[in-house]
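First up is the structure itself, then whatever we jot down about it.
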Amino acid sequence: MGSESSILGGTSKNGLITMQTIPQRRAEHSNHWSTRIRSVSSKKFALPDQQERSRMGYWTMVVFSFLYYFRPGDIIPGIAPLHLAKVAAFFAIFALLLGANRLHSRKLPGEVKIILALFVWLAITIPFASWRGGSFAVVFIEFARIVIVVVTLVLTVTRFVELRRLILMQALGVSLMTFAALIVNNRMQGRLAGMGDGLLSNPNDLAMNIALNWPICLAFLLTGRGVIKKMFWATTMLVMIYALMATYSRGGFLALAVAILICLWDFGIRGRRAYLLGIAVLGLAGMLVVAPGNYVKRLETLFGKFQEGDYDRGSAEARKELLEKSLVITATHPVFGIGPGNFPSYTGLWRVTHNTYTQLSSECGIPALLLFFLLLRRAFLNLFYLRKMPRAPDKQEMHLYVSALSASFVAYLVGAFFSSSAYELFPYYMVIYTTLLYRLGFPEQGREAKPVLNPPVEVRQQAYSAI
């Protein structure tokens, strides 16, 4: 045979005969297989691209949201040692890391910036706190979780179907916990309470979250397809009303009453669903029939009428005392407060303020309260412009969720007078829902392109167009 430098013939792409030496053919053969090996290795071991990481971050937030509202460890025996709450917190941090690749290409909305500013202010108040260790834990564990979640949501949610799925996880979580509370019939001084020691364990917290999620369940009822889905949400709404009455929560009652009135106006009158008004009348009659014993007496305490069997047990007077003390502390510590989470220990009463607004002003100072008001204002403006959005056929479902969140938002404003939720996640969830809805409702307008006080002409013309 020939030597190593012998000539071999080959056919090129254009059909011409080419002449190659054996070393050339061997070099091409080696390069071909090394290229294939590198290609297979890169496909097998390469990190996911930016879009895939964002999707992973989104689904991680879906899991976290469900675990935040629905706590399996409080219901299913034997899984409490798994510490699913800590696992959920890890999910949140993991989701933020997955979604961080979009930070350089997406500006943070004003609502997130306000939350970040509030976090910074809370950290500043720690050196002035009456108990620095407790305040440090509140800021860098409880409130830091809020920052992680809201930043991750705005980085990973890009479509309406994704936002709808997150809201669904919230509604399902609260619904299932409500069912579980009624089945177990866990009572706290005669009042229905949730299970475990989580978000919905206290009767007032359970009632508050029922009031906030009832309008969302109504939106899923109206948009649901199929008899089974509609029956589920209708049953859930009825069970929620009964469960709220069983908690004997006065603040929850007021919050739900406001939410139902807004829903009747938006969905029934403004949305031309007259049948909802008839259902509401029948529902009111049914409530009077199935209401727990002495429930009317409990509501009469709202007007200062106290009598035996009203389940008050001095709570109205205690709430009044807590309000007065929180206002006094606000007046004497107006700038930095007494430290996040320190009201129970500072007063020696070992009770929270039962008022979100005075909780912030007394523990974190008036600047923190002003930031919180500014955050609520931004959320309100988001809903205001979305409600004025033209009712195009492709935006009908979005309008329903805007109306539901509007009712939930107003219910929270009322319920916040009776609960301490400044460091809880659920109010900030609602705020970010309005942010995401606005971004999806006006995709052509940058969120920061519309100033809060003086929106651009384009947005204003679109928002106030005929409905």
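Surrounded by 19 or more Cβ atoms within 10 Å (Cβ to Cβ), out of contact with any Pro (no Cβ under 6 Å at 6 or more places or on another chain), outside any helix (DSSP H, G or I) and in contact (Cβ under 8 Å) with a residue 60 or more places away in the chain, is that true of SER419?
yes
Can PHE253 be described as in contact with a Lys or Arg (Cβ under 8 Å, 6 or more places away or on another chain), in a helix (DSSP H, G or I), under 23 Å from TYR429 (Cα atoms) and aromatic (Phe, Trp, Tyr)?
no
Looking at (1) touching a Ser or Thr at 6+ places or on another chain (Cβ under 8 Å); (2) aromatic (Phe, Trp, Tyr); (3) under 22 Å from THR178 (Cα atoms), which is the only condition PHE267 fails?
Answer for PHE267: the failing condition is (3).
For PHE143, indicate whether it is under 21 Å from PRO344 (Cβ atoms) and free of Cβ contacts under 8 Å to residues at least 24 places away in the same chain.
When the stated conditions are applied, PHE143 does not pass them.
Which members of the stretch 279-327 meet the condition of being surrounded by 13 or more Cβ atoms within 10 Å (Cβ to Cβ), closer than 22 Å to TYR346 by Cβ and at pLDDT 80 or above?
Selection gives ALA318, ARG319, GLU321, LEU322, LEU323, LYS325, SER326, LEU327.
Scanning for something hydroxyl-bearing (Ser, Thr, Tyr) and either under 22 Å from TYR401 (Cα atoms) or in contact with a strand residue (DSSP E or B) (Cβ under 8 Å, 6 or more places away or on another chain) (or both), does the stretch 199-220 turn up at least one residue? Spell out how you get there, then give the answer.
First, the residues of the stretch 199-220 that are hydroxyl-bearing (Ser, Thr, Tyr): 201.
From the residues that got through so far, the ones that are either under 22 Å from TYR401 (Cα atoms) or in contact with a strand residue (DSSP E or B) (Cβ under 8 Å, 6 or more places away or on another chain) (or both) too are none.
Within the stretch 199-220 (the criterion being hydroxyl-bearing (Ser, Thr, Tyr) and either under 22 Å from TYR401 (Cα atoms) or in contact with a strand residue (DSSP E or B) (Cβ under 8 Å, 6 or more places away or on another chain) (or both)), the answer is no, since none of the residues qualifies.
Out of everything in the stretch 328-379 that is touching a Leu at 6+ places or on another chain (Cβ under 7 Å) and β-branched (Val, Ile, Thr), what residue ends up being modelled with the highest pLDDT?
Across the stretch 328-379, the extreme among qualifying residues is THR358.
Of everything in the stretch 318-348, what is within 21 Å of PHE136 (Cα to Cα), touching a residue at least 24 places away in the same chain (Cβ under 8 Å) and not β-branched (Val, Ile, Thr)? Give them in sequence order.
SER326, HIS333, PRO334, PHE336, GLY337, GLY339, PRO340, GLY341, ASN342, SER345, TYR346
The values are calculated or read from the model by the stated rules, or taken from the named source; none is laboratory data. Predicted, not measured: the structure shown is a model, and the values here were computed from it. Positions of Cβ are backbone-derived with ideal geometry, glycine not excepted, and every protein chain shown enters the neighbour counts.
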